[in-house]
Each structure stands twice: as C-alpha cells, then as structure tokens.
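So the structure is just underneath, and the comments pick up after that.
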Amino acid sequence: MKDFENVRFYIGPMSKNIVDSVINFCNSEKVSIGLIPSRRQIEYNNGYVNGWNTHCFSAYVRNRSTNVILQRDHGGPHQGSDIDDGKESYTRDVESKFDLIHIDPWKKCQDPHLALQETIDGIRHCESINSDCLYEVGTEQAIFQYSSRTFEKFLKQLKEELGPLFEKIKYAVVQSGTGIQATNNTGIFDKQRFAKMIKICKNYGLLSKEHNGDYLTNEQIKTRFDFGLDAINIAPEFGVLETKYILYAMKNDEESINKFFELCYESKKWEKWLTPDFVQRANTFYNDPTLLANLSNIKNIITEVSGHYVFSSKEFAELKQKLNKNVDTIIQGFVYRKLKDLQCTIK
C-alpha cells in the first residue's frame with residue numbers, strides 16, 4: 001500500500017525528460033512523487049507526450065521505479081481530445097494499474113448534482129474492473145468554481161450514495177482562488193475559503209489536493225502546507241522550464257527559434273494559456289506582414305507556454321538534433337534541482 005500521506009507533489013509529465021527526472025529523483029532521494037498525465041498528454045489512443053499510450057507509459061514508469069505514484073489527472077467525460085463519455089479511458093487506466101484516478105466530470109457537468117451522479121458512475125465503473133484503484137474527486141476552479149458549502153454538500157452526498165466505497169476516495173480537490181495565465185499564477189489567494197475546504201476534507205477523512213500550483217514561490221507553497229494542505233499539482237511550469245532552456249540553447253540560431261515558434265503557433269495550444277485580447281493581437285500580427293516587427297515578444301511568450309506540446313513532433317526532433325548532444329542531460333539536471341527545491345518547502 002502506497003503511503004499517500006507523505007506524497008506532497010504531483011508533477012505533470014510534460015515530456016520524457018520530466019518523467020525521467022521524476023523517476024531518477026524518487027529513486028535517488030528515496031521519496032514518492034506522483035506523475036499526473038491528463039488525457040490529452042497520454043491516452044489509450046493518442047497523446048502528445050513521447051508517443052506513449054496509457055499502457056506503454058505505465059509500463060515505462062513501473063519498470064524503472066516503485067516510488068512513483070501514477071495518477072490519471074482529469075479523467076472522465078469531455079476531458080480528452082474528443083468529446084466522449086470517458087469510460088474507455090477509465091477502463092484503460094485501471095487496466096494499466098494506475099494508483100489513482102481523478103474522477104472529473106465537471107467539464108461536462110456544470111451542475112453539482114449532475115457532477116455527483118457522474119462521479120459515482122465513474123467510481124463504480126472503475127471498481128468493476130480493478131478494485132485496487134483509489135480516487136480523487138472534485139475539480140479546479142478554472143473548470144468549475146464551487147463554494148466551501150457546495151463542496152461539503154458534494155462530499156456528504158458522495159458518502160451517502162457510495163457507502164463503504166467512499167473509503168476508496170483518497171483525495172478531494174480544494175480551491176484557493178488562484179489559477180494560471182501565461183507563466184504566472186493569478187488570482188487572489190483566499191485563505192478563509194482555502195482553510196474551510198481543507199477542514200472539510202479532514203472531516204470526511206480525505207486528503208486535500210490543490211491544482212495549479214505552478215509559478216508559486218517556495219514560501220507560497222509552504223504557506224499552503226502550513227494551512228494543512230496535503231498535496232499540490234504542478235504541471236505546465238515544468239514544460240516551460242524545459243522550453244526556456246531549449247530557447248537558450250538555440251540563442252545563436254535564429255532560424256531554429258523561428259521554426260520552433262512556427263510549430264508552437266500552428267499547434268494553437270498556446271491559446272489556452274493566454275487572454276482573448278492577447279490571442280487576437282497575436283493572430284493579427286501574425287497574419288499582417290506590416291506588423292511583424294511587433295511580434296518578437298509575442299513570439300517568445302507563445303513558444304514558452306506551448307513548446308512542450310510539440311516536443312514529440314518530427315519537425316522539433318530535427319531542430320533538437322542541432323543542439324548540444326547533452327541537452328537532455330542538462331534539462332534533467334534543471335528539473336532534478338527544481339524537485340529538490342520543492343522538497344525543501346516541507347522540511
């Protein structure tokens with residue numbers, strides 16, 4: 001049985017380098033960290049990370065470490081590249097022996113009662129295939145913002161409906177009022193709301209987890225743990241860390257930088273992380289040659305926030321061949337040091 005009470009960090013597997021870094025860190029430091037692939041990153045039939053499907057990703061990690069927790073992040077309906085009920089994805093996750101499944105129907109269900117029923121159905125579906133699986137419930141406020149009162153009612157009804165099966169739920173997602181935009185953590189940290197939700201989790205025997213822990217200072221993360229938070233998810237920040245180094249390594253090759261930008265721009269993945277005004281301005285500059293001189297800073301922002309989405313493409317692989325042959329080792333060193341730094345917040 002995994003000791004989830006001592007797992008503080010869950011990291012998005014934005015690239016193979018990040019996955020390898022987490023594995024090496026857990027093995028060397030003798031600690032447990034979670035990897036949290038979203039359905040768009042790693043899925044049974046597609047995904048943008050290293051060409052892995054769910055089974056291959058699980059096997060890759062399991063063959064290299066027993067200290068890494070595998071959790072599906074944002075599993076469920078409408079969370080993948082296509083609109084679906086999420087059942088096939090759940091099935092492949094539990095068959096692949098993921099430790100945890102985040103049951104998250106809230107993107108489809110913008111109503112707590114409907115989300116409750118979908119959450120129950122998701123848990124029962126997974127249980128029918130693999131009774132060893134554990135669960136996370138709730139969602140981040142970028143998908144659906146709930147009050148502490150709504151959160152408590154949701155957990156109360158889950159416990160009533162699931163009965164003994166409620167004991168299989170390990171985490172619930174608490175919300176603090178913050179989110180991510182570009183490479184910044186935005187919003188206002190609502191200490192009162194945050195503390196209430198953590199207390200509610202404890203009242204129901206659940207561990208609390210916050211999503212969108214990216215771009216916080218160590219002090220901000222420590223403050224959250226001091227409030228009683230049990231774990232935090234950090235994802236795009238690690239992809240941005242890798243992208244920034246790659247851009248640095250390309251600094252004397254303007255042609256490669258421009259090609260990298262073109263791959264990112266054409267992916268359209270950057271639009272998710274930026275404001276509508278920024279997206280409109282970027283598209284206007286890009287499509288009007290007379291405005292191209294204004295695109296420099298915009299190009300850098302677009303590449304930074306979305307570079308990890310194109311790492312597995314053939315075109316990027318060709319660009320990467322022109323870099324120092326030790327580029328992956330260097331990147332993994334940066335990620336390892338970032339993980340080490342994070343661990344210091346809990347000492």
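A compact table of results
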| item | result |
| --- | --- |
| Among (1) of a type in the set (Asp, Glu); (2) over 30 Å from Cys26 (Cβ atoms); (3) touching a helix residue (DSSP H, G or I) at 6+ places or on another chain (Cβ under 8 Å) - the single one Asp288 does not satisfy | (3) |
| Residue in the range 303-334 that is surrounded by the fewest Cβ atoms within 10 Å (Cβ to Cβ), counting only those that are closer than 25 Å to Tyr265 by Cα and of a type in the set (A, V, I, L, M) | Ala317 |
| Matching option when the condition is within 27 Å of Glu161 (Cβ to Cβ), touching a helix residue (DSSP H, G or I) at 6+ places or on another chain (Cβ under 9 Å) and not hydrophobic (A, V, I, L, M, F, W, C), among Tyr90, Tyr10 | Tyr90 |
| The listed residue being within 28 Å of Pro37 (Cα to Cα), part of a helix (DSSP H, G or I) and touching a Ser or Thr at 6+ places or on another chain (Cβ under 9 Å), out of Phe278, Phe260 | Phe260 |
| Residue within the range 193-200 that is touching an Asp or Glu at 6+ places or on another chain (Cβ under 7 Å), crowded, with 16+ Cβ neighbours inside 10 Å and farther than 30 Å from Lys322 by Cα present | yes |
| From the options Gln280, Gln220, residue that is at pLDDT below 95 and either surrounded by fewer than 17 Cβ atoms within 10 Å (Cβ to Cβ) or in contact with a Gly (Cβ under 7 Å, 6 or more places away or on another chain) (or both) | Gln280 |
| Test: residue in the range 261-278 that is within 29 Å of Val137 (Cβ to Cβ), among the hydroxyl-bearing types (Ser, Thr, Tyr) and either in contact with a strand residue (DSSP E or B) (Cβ under 8 Å, 6 or more places away or on another chain) or not assigned by TED's automatic domain parsing to the domain that holds Leu342 (or both) | no |
| Residue satisfying all of: in the range 105-132; surrounded by 14 or more Cβ atoms within 10 Å (Cβ to Cβ), in contact (Cβ under 8 Å) with a residue 40 or more places away in the chain and of a type outside the set (Gly, Ala, Ser); farthest from Ser32 (Cα to Cα) among these | Pro112 |
| Residues (over 17 Å from Pro105 (Cα atoms) and either among the β-branched types (Val, Ile, Thr) or at pLDDT below 95 (or both)) located in the range 160-177 | none |
| Pick from the range 289-347, criterion among the small types (Gly, Ala, Ser) and more than 28 Å from Phe9 (Cβ to Cβ), ranking: farthest from the chain's Cα centre (by Cα) | Ala293 |
| Selection within the range 193-216 - part of a strand (DSSP E or B) and farther than 25 Å from Leu339 by Cα | none |
| Residue in the range 7-22 that is touching a Pro at 6+ places or on another chain (Cβ under 9 Å), among the small types (Gly, Ala, Ser) and closer than 16 Å to Asn233 by Cβ present | yes |
| Qualifying position, being more than 24 Å from Arg124 (Cβ to Cβ), under 18 Å from the mean Cα position of the chain (by Cα), in the same structural domain as His211 (by TED's automatic domain parsing) and buried (at least 23 other Cβ atoms within 10 Å of the Cβ), among Phe25, Phe57 | Phe57 |
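The values are calculated or read from the model by the stated rules, or taken from the named source; none is laboratory data. In this text the structure is predicted, and so the values were computed from the model without any measurement. Note that each Cβ is placed from the backbone with ideal geometry, even for glycine, and that neighbours are counted across all protein chains shown.
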